[in-house]
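The values are calculated or read from the model by the stated rules, or taken from the named source; none is laboratory data. Just so you know, these numbers come straight off a predicted model, no measurement behind them. With ideal geometry, Cβ positions are generated from the backbone for all residues, glycine too; neighbour counts draw on all protein chains shown.
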Ligand SMILES: Cc1ncc(COP(=O)(O)O)c(C=O)c1O
Ligand SMILES: Cc1ncc(COP(=O)(O)O)c(C=O)c1O
Ligand code: FES
Ligand code: FES
């Protein structure tokens, strides 16, 4: 199901852990499956000097986190902001269609970490994004992990079968 | 499906044919499957001296006709009238449940032949029973060949699925 | 005594290659295709391969347009009821023909109980539907047309292409019951343009109790079996992987060898029809000689009832089928034959002889050799036959 | 590397005896059970034998009370929808529980779309339904109660006998989804007194994609598949004879060896539960220790997500299943585990380990050996785990 690269990053994830005195922290939850990702960055000269992650999620989510940190490490913040979820998925040699939403978690969490760093630097109060806020960007298609149909932009979950699992039959 | 005796009477039917100058003729059709049976009798001293049959019907119907003629041959008319469809089915070592209605044809056709003889003797006009008149007698259960449920007394066909085959779906 | 099996339209022997593929699968493929670990993946691959093979046979554009089912009957029920239920406010009227299989008839009758209304159009003496009649039967509230591709009692092939054109013009979804067409004659669902095409695995040498439904991309229907997410959510339930693998292999073989198989069957059919008058005097050949299944002969032996003929042939080791009411466990002679205008007694005497790739000319000859004396001895019993 | 297969609740390997019976049938039985000639009769006999074997396993009074289907899902759909549709004016209300399989849930949801209303009763922390709650949920217009016998995620066995008593008192037909009970624990449908009991062939080593429905004599339901007269008119369609023969053989074996198999599975289960604390610190064992399937262990490994554990185990050649949303292709964690009161994260970390007769103590030990390091390395990644 998963590509070799995904399995490699899943089995030997890079940059796992926390950074004690991180300059920015981005935390994001996935409303589709309830998973969580936290990205820690250390910024030196507007560059990502160090980056670590923690993830509660599926194999794809772990591989995405790992690959994302590899891509981001050493990049300037401006470069890092431009990393798209698609870049991550492509670097992983693809993800199963119904796991594409896991990759959406990655780049979004990094952006939150950078924003956190910038807010702190600007003296703005740190915003805590509610973990269920999944940011659909226009260019990135998202598919329902359940029925495989595309989840339209601006919609957090698939209407077709939203939460149908959880509820009892009545 | 059929017992050995049925197969024997089907493959080597006894008393096949017509009697040119028959004393009585009984003709009966089966409304369930559209089959036909004709019994010819020759009566000497109130005994069935000779009996022949012709049948358009399934293996069971042919075996029933053959066995019936064997049982009836040599019997007095009074004895012959008492032959029941059950006697014939039993002599055949049983019939499949959905073929029991074929055996109903046999004894009824014989009774019609005897009636025909008696009417002729009494100078009564010969009644031609319409061939679709199937005589259900109380003691003989009849099963729908289609759905295997019992067809109640006094009812010619199974209500459950009557003629459902023939009609188109509308 | 070797049995001569000439009832391939009821059930075809599973081809040796298919048996081998299934015997292999029996030893190997047992992971659940829906489960995620490696054994599951192996099964998912086998399922995907079979789906491609079947898509190839019927000319589907996308493998996912093929849904596996448990038999032709399930495919037909899913297509008809699923479409009707999903139609909602669009309407409650369905058009069909007088010569459909019971799977279609009874599905429609069930829908009638649920408030749908049905128009069933007649056929001509050859058992063919006139596309113009179908066009006339379509109403504003018609939500489905269901027509069979090839008839299993007379062998008549319907003008499904023209009917499909009619339906596309009128924008009504079309279901084609192709259970006795797929694998026997060329079928290309993409060219046909129907929304739904039912078929089974057995007619072309696959295992019994496995079927398929072509659901054209974009077609909406309610599943008959609700539950898990198998078969693109169109049919829940743990897959009969073994059967599906057999169906796939049979489809691959059929796609490869169809023209040769048809040619071969036609040879046997012609031999039978040519020699038949030498052994039987009074008979009718049913169906449409210009549009018929190559591997099926439908003949009505006059003055005789079918089960008795079939039974006698069976005693001699020759297996054919009959459409007599007595044999089919039905109440009346076949609605198909009566619809095509046969009288009751002739319909009762109908034999269906159908060939498979395993049959030989010797089988045909043996059938004819046995048929002659059988008919003679049964005519002696028949009250309908006057010399 | 030998795979250690501990996901027998999803799909059980087909038993060697069953494979042999099926391999034999593949070579022999290919007549159509509905057709009348001798080859057909041979198949009809095979079908009848399998029906007796299955009736024997479930304790049905009459073999004809057993209808063969294509999977547990079909059995469930037929039981639920068939009864609801046949109920007509009697009512449109159905009672079920919060921990049913998707086959039940989605069948009921479909009926909701058709105008039925559903009451779903909760379970306690062990996943058990209280029969008194079921009794309270039954209304005047209730036409069916549907309850599962054993739960496939927690292993909890429901008090079906008491629920059946309640239903008989209230004169409401009962359907029991016994897919994960038949062949695994003693089942006697006659004693139970339910009208409908669904089951499948695979859980006890029969082929996948074959199921059965017990329909108590006198129970009225509409078929899901309309067409021919197979299966006592309750289920039309050409039979999957090969699968049914396999199911029969598996049923025969299960009936003979059930107590021994249960005892054996219980041994493996106890071994696992006893040794588990040595390799994992923080976990929950789900279900009801006093009423549980002998061959299933459901554990929630805290702070971890299930697919990732399952995948790592799979890499080491150990196959288990998980109820995490990520793995099941579902949107949310299992409704069963949430209904039993697990919090979201714990439900996401649930592994289901299930044994078959082929498993050994060495398999349990291998699982534990691999689980320890897997959990350790995944905890290092988890944001939920604070040392
Ligand atoms: C035209 C047609 N439709 C449907 C069916 C039903 O298919 P199955 O027997 O596989 O259920 C048949 C089977 O003979 C058929 O001939
Ligand atoms: C409790 C329960 N009911 C129904 C089903 C559906 O059965 P099948 O997968 O054979 O369609 C399952 C299958 O796992 C089950 O566990
Ligand atoms: S005479 Fe027609 S079924 Fe026997
Ligand atoms: S993180 Fe849940 S599906 Fe990937």
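Quick notes
- Restricted to region D:34-46, and to residues there that are within 29 Å of the chain's Cα centre (by Cα) and surrounded by fewer than 21 Cβ atoms within 10 Å (Cβ to Cβ), the residue that is modelled with the highest pLDDT is D:45.
- Matching entry among C:160, C:147, C:182 (being touching a helix residue (DSSP H, G or I) at 6+ places or on another chain (Cβ under 9 Å), under 18 Å from residue C:67 (Cα atoms) and within 16 Å of ligand 1 (Cβ to nearest atom)): C:182
- Residue in region C:302-319 that is more than 24 Å from residue B:96 (Cβ to Cβ) and touching a strand residue (DSSP E or B) at 6+ places or on another chain (Cβ under 9 Å) present: yes
- Those residues of region C:185-208 which are within 11 Å of ligand 1 (Cβ to nearest atom) and under 29 Å from residue C:300 (Cα atoms), in sequence order: C:198, C:199, C:200, C:201, C:202, C:203, C:208
- Put simply, of C:224, C:242 the only residue that is within 13 Å of chain D (Cβ to nearest Cβ) and closer than 18 Å to residue C:77 by Cβ is C:224.
- Complete set of residues in region D:340-381 that are in a loop (DSSP other than H, G, I, E, B) and surrounded by 22 or more Cβ atoms within 10 Å (Cβ to Cβ): D:340, D:342, D:349, D:355, D:356
- Residues that are buried (at least 18 other Cβ atoms within 10 Å of the Cβ) and free of Cβ contacts under 8 Å to residues at least 40 places away in the same chain are absent from region D:77-91 altogether.
- Some residue of region C:345-354 being free of Cβ contacts under 8 Å to residues at least 24 places away in the same chain, out of contact with any strand residue (DSSP E or B) (no Cβ under 6 Å at 6 or more places or on another chain), within 12 Å of chain B (Cβ to nearest Cβ) and more than 24 Å from residue C:184 (Cβ to Cβ): no
- Leading residue by the ranking (farthest from the other protein chains (Cβ to nearest Cβ)) among those in region C:295-317 that are within 18 Å of residue C:273 (Cβ to Cβ) and not in a strand (DSSP E or B): C:295
- Residue check, residue D:289 in a loop (DSSP other than H, G, I, E, B), away from chain A (no Cβ under 14 Å) and within 27 Å of residue D:124 (Cα to Cα): yes
- The condition of being away from ligand 3 (no atom under 16 Å from the Cβ), at the interface with chain A (Cβ under 10 Å from one of its Cβ atoms), farther than 28 Å from residue C:234 by Cβ and at pLDDT 95 or above holds for residue D:137.
Residues checked against (1) modelled with pLDDT under 95; (2) under 23 Å from residue D:157 (Cβ atoms):
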site	(1), (2)
D:263	no, yes
D:274	no, yes
D:279	no, no
D:285	no, yes
D:290	no, yes
D:299	no, yes
D:307	yes, no
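- Test: residue A:78 is touching a strand residue (DSSP E or B) at 6+ places or on another chain (Cβ under 6 Å) and either without any contact (Cβ under 8 Å) to a residue 60 or more places away in the chain or away from ligand 2 (no atom under 16 Å from the Cβ) (or both): no
- Contact map, region D:103-130: first residue under 21 Å from residue D:179 (Cα atoms) and more than 9 Å from every other protein chain (Cβ to nearest Cβ), second residue at pLDDT below 95 and part of a helix (DSSP H, G or I), Cβ cut-off under 6 Å, separation 6 or more or different chains; pairs are D:123/D:339.
- Filtered by the rule that a residue be within 11 Å of chain D (Cβ to nearest Cβ) and on the phi > 0 side of the Ramachandran plot, region C:72-102 gives a lone residue, C:88.
- Among the residues of region D:193-204, just one is away from ligand 2 (no atom under 14 Å from the Cβ) and in contact (Cβ under 8 Å) with a residue 60 or more places away in the chain, namely D:195.
- Some residue of region D:369-377 being on the phi > 0 side of the Ramachandran plot and more than 10 Å from chain A (Cβ to nearest Cβ): no
Every residue, every condition in (1) farther than 16 Å from residue D:149 by Cβ; (2) at pLDDT 95 or above; (3) not in a loop (DSSP other than H, G, I, E, B), yes or no:
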{"position": "D:191", "(1), (2), (3)": "no, yes, yes"}
{"position": "D:207", "(1), (2), (3)": "yes, yes, no"}
{"position": "D:220", "(1), (2), (3)": "yes, no, no"}
{"position": "D:223", "(1), (2), (3)": "yes, yes, no"}
{"position": "D:232", "(1), (2), (3)": "yes, no, yes"}
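- Taken as a whole, region B:76-92 holds at least one residue that is within 14 Å of ligand 3 (Cβ to nearest atom), away from chain C (no Cβ under 12 Å) and assigned to a loop (DSSP other than H, G, I, E, B).
- Region C:163-179: number of residues that are within 27 Å of residue D:240 (Cα to Cα) and out of contact with any helix residue (DSSP H, G or I) (no Cβ under 7 Å at 6 or more places or on another chain): 1
- Among the residues making up region C:70-92, those that are within 16 Å of ligand 1 (Cβ to nearest atom) and closer than 14 Å to residue C:144 by Cβ are C:76, C:77, C:78, C:79, C:80, C:81, C:82.
- Residue check for residue C:146: within 14 Å of chain D (Cβ to nearest Cβ), over 24 Å from residue C:321 (Cα atoms) and in contact (Cβ under 8 Å) with a residue 60 or more places away in the chain: yes
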